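See below for the structure under consideration.
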């Protein structure tokens, strides 16, 4: 007879029933009563094995299980007398696969060791919780844009030209056509699509060859990028705020178990969900930073330290908008009230996390874009297709990019983005 197995996450629906589970042994406490913590991928459950309830062979096996061996177990689901959490009083268990000398023991290990064993570190309770939250954030993002009548456009990963700057491109020979580059952003490919669909987004991997070894940088990361026709800067900020609140609501409603494992204080997340985000011009933020002790000068871009100082002083996310044109991308719309400025906006997360969204209003003038391309020393031929968007029915439009890993880092309150993905790619780290 084929045995039917119950997922650990569904055990609450089977209190008082005899069921079977299978999974990996996370921990064993072997005394007169054996306690086995089992992980099946959907959750964790304590299994209690006593000499009175289990058969003799199962009781003996439970006292000799090793970390990460795989077992099948049958028993009665009951509620823990103090916590009410489901546990299993075992009747029988059998060994499916042994595991000897598992390298990641319950003792403390250094980050370098854990990253070297990333393929195994994924099994830890903390990493399980982080990646479950990441999965849910990804789903919430798609649900938000699909619910707002956006159309998904899959931008190419191999591109012929730069979007964010030629110094941070990964290049590869492309047959007889010269060099192709791993995409820094899907934005340029989304802008033509707004004339067909009005509201579009892409969601996929992007690449930056930045030689940055900071807690916020990866060379490969995932980004969601919406673009909207007839959108102005305020519309872009409103869209980003709405998306973030949708994500936070979903996570707070459904991922309390994972946030508890991560020991995440949810009060800052609830505050970000229930209050309007702060809006501050670049000039106002420079004044505030200088009052907080930063030596930043007007006209300089924020460094990581500046973002940390600023956001440690605020209790909820903050939009910084209207940056100097000099350090913004060539396609940003200039501020009609101050030619020094671009209509860009960055959303900075509180608790010192800094930028998680960057975007703004795009230039809609063909003449202005031609000037900017020449100023940046770019080849106009590479952007002929992009300029066509302004030749045939140009309208004001805007959008943004959300870095998934940075959002996960803030929501989970992680010290480094390397924990936000299964196999992080950083400068100097390409394995596994």
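The values are calculated or read from the model by the stated rules, or taken from the named source; none is laboratory data. Given the structure is predicted, the values throughout are model-derived calculations rather than measurements. Neighbour counts are summed over all protein chains in view; Cβ atoms, including those assigned to glycine, are modelled from backbone coordinates with ideal geometry.
For the stretch 322-332, indicate whether the set of residues that are part of a loop (DSSP other than H, G, I, E, B), free of Cβ contacts under 8 Å to residues at least 40 places away in the same chain and touching a strand residue (DSSP E or B) at 6+ places or on another chain (Cβ under 6 Å) is non-empty.
yes
Against the condition surrounded by fewer than 12 Cβ atoms within 10 Å (Cβ to Cβ) and either assigned by TED's automatic domain parsing to the domain that holds residue 36 or in contact with a strand residue (DSSP E or B) (Cβ under 9 Å, 6 or more places away or on another chain) (or both), how does residue 74 come out, does it pass?
Working: surrounded by fewer than 12 Cβ atoms within 10 Å (Cβ to Cβ): no; either assigned by TED's automatic domain parsing to the domain that holds residue 36 or in contact with a strand residue (DSSP E or B) (Cβ under 9 Å, 6 or more places away or on another chain) (or both): yes.
No.
Tell me, which residue of the stretch 293-313 that is in contact (Cβ under 8 Å) with a residue 24 or more places away in the chain and out of contact with any helix residue (DSSP H, G or I) (no Cβ under 9 Å at 6 or more places or on another chain) is farthest from residue 362 (Cα to Cα)?
312
Being at pLDDT below 95, in contact with a strand residue (DSSP E or B) (Cβ under 6 Å, 6 or more places away or on another chain) and buried (at least 20 other Cβ atoms within 10 Å of the Cβ) is true for just one of 344, 359, 354. Which residue is that? Talk me through it step by step, then tell me what you get.
Details: 344 fails: at pLDDT below 95; 359 fails: at pLDDT below 95.
Of the residues listed, the single one that is at pLDDT below 95, in contact with a strand residue (DSSP E or B) (Cβ under 6 Å, 6 or more places away or on another chain) and buried (at least 20 other Cβ atoms within 10 Å of the Cβ) is 354.
Mind telling me which of the residues 193, 267 ends up being out of contact with any helix residue (DSSP H, G or I) (no Cβ under 6 Å at 6 or more places or on another chain), at pLDDT 95 or above and within 30 Å of residue 365 (Cβ to Cβ)?
Working: 267 fails: within 30 Å of residue 365 (Cβ to Cβ).
Going through 193, 267 in turn, the sole match is 193.
Hey, can you tell me all the residues within the stretch 414-432 that are closer than 24 Å to residue 359 by Cβ and touching a helix residue (DSSP H, G or I) at 6+ places or on another chain (Cβ under 9 Å)? Outline the logic, then answer.
Of the residues in the stretch 414-432, the ones closer than 24 Å to residue 359 by Cβ are 414, 417, 420-421, 425.
Hits for the stretch 414-432 are 414, 417, 420, 421.
This table checks each residue for (1) within 26 Å of residue 281 (Cα to Cα); (2) surrounded by 15 or more Cβ atoms within 10 Å (Cβ to Cβ); (3) in contact (Cβ under 8 Å) with a residue 60 or more places away in the chain; (4) touching a helix residue (DSSP H, G or I) at 6+ places or on another chain (Cβ under 6 Å).
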{"site": "197", "(1), (2), (3), (4)": "no, yes, no, no"}
{"site": "224", "(1), (2), (3), (4)": "yes, yes, yes, yes"}
{"site": "235", "(1), (2), (3), (4)": "yes, yes, yes, no"}
{"site": "242", "(1), (2), (3), (4)": "yes, no, yes, no"}
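Residue under question is residue 189, and the condition is that it be touching a strand residue (DSSP E or B) at 6+ places or on another chain (Cβ under 8 Å) and under 24 Å from residue 431 (Cα atoms); does it hold? Spell out how you get there, then give the answer.
Details: touching a strand residue (DSSP E or B) at 6+ places or on another chain (Cβ under 8 Å): yes; under 24 Å from residue 431 (Cα atoms): no.
Considered against the rule, which asks whether it is touching a strand residue (DSSP E or B) at 6+ places or on another chain (Cβ under 8 Å) and under 24 Å from residue 431 (Cα atoms), residue 189 comes out as no.
Can you find a residue that is within 30 Å of residue 424 (Cβ to Cβ) and either crowded, with 18+ Cβ neighbours inside 10 Å or modelled with pLDDT under 95 (or both) anywhere in the stretch 90-100?
Yes, the stretch 90-100 has at least one match.
Give just the number: which of (1) assigned to a loop (DSSP other than H, G, I, E, B); (2) farther than 22 Å from residue 207 by Cβ; (3) at pLDDT 90 or above does residue 107 not satisfy?
Exception for residue 107: condition (3).
Considering only the stretch 86-104, state which residues are outside any strand (DSSP E or B) and farther than 16 Å from residue 40 by Cα. Spell out how you get there, then give the answer.
Our first condition is that a residue be outside any strand (DSSP E or B); within the stretch 86-104, this holds for 98-104.
Once the filter is applied, which keeps residues that are outside any strand (DSSP E or B) and farther than 16 Å from residue 40 by Cα, the stretch 86-104 yields 100, 101, 102, 103, 104.
With respect to residue 280, is the statement that it is within 26 Å of the chain's Cα centre (by Cα) and over 18 Å from residue 352 (Cβ atoms) true? Outline the logic, then answer.
Details: within 26 Å of the chain's Cα centre (by Cα): yes; over 18 Å from residue 352 (Cβ atoms): no.
In short, no.
Conditions: (1) surrounded by 15 or more Cβ atoms within 10 Å (Cβ to Cβ); (2) at pLDDT 95 or above; (3) over 30 Å from residue 197 (Cα atoms). Residue 137 meets all but one. Number of the miss?
(3)
Of everything in the stretch 262-286, what is surrounded by 18 or more Cβ atoms within 10 Å (Cβ to Cβ), part of a helix (DSSP H, G or I) and out of contact with any strand residue (DSSP E or B) (no Cβ under 7 Å at 6 or more places or on another chain)? Give them in sequence order.
268, 269, 272, 286
Read through the list (1) surrounded by fewer than 19 Cβ atoms within 10 Å (Cβ to Cβ); (2) part of a helix (DSSP H, G or I); (3) touching a helix residue (DSSP H, G or I) at 6+ places or on another chain (Cβ under 9 Å); (4) free of Cβ contacts under 8 Å to residues at least 24 places away in the same chain, then give the number of the only condition that residue 290 fails.
Single failed check for residue 290: (3).
Residues 15, 71, 19, 49: which one is in contact with a helix residue (DSSP H, G or I) (Cβ under 6 Å, 6 or more places away or on another chain) and at pLDDT 95 or above? Quick ask: steps written out before the conclusion?
Values: 15 fails: in contact with a helix residue (DSSP H, G or I) (Cβ under 6 Å, 6 or more places away or on another chain); 71 fails: in contact with a helix residue (DSSP H, G or I) (Cβ under 6 Å, 6 or more places away or on another chain); 19 fails: in contact with a helix residue (DSSP H, G or I) (Cβ under 6 Å, 6 or more places away or on another chain).
Answer to the check: 49.
Just checking: which of the helices (runs of 4 or more DSSP H) contained wholly in the stretch 334-428 hold 2 or more residues that are in the same structural domain as residue 201 (by TED's automatic domain parsing) and under 15 Å from the mean Cα position of the chain (by Cα)?
On the way: elements: 366-375, 384-391, 404-412.
So the answer is 404-412.
Could you list, in sequence order, all residues of the stretch 68-83 that are closer than 14 Å to residue 46 by Cα and part of a loop (DSSP other than H, G, I, E, B)?
The initial filter retains those residues of the stretch 68-83 that are closer than 14 Å to residue 46 by Cα, namely 71-83.
Scanning the stretch 68-83 gives 80, 81, 82, 83.
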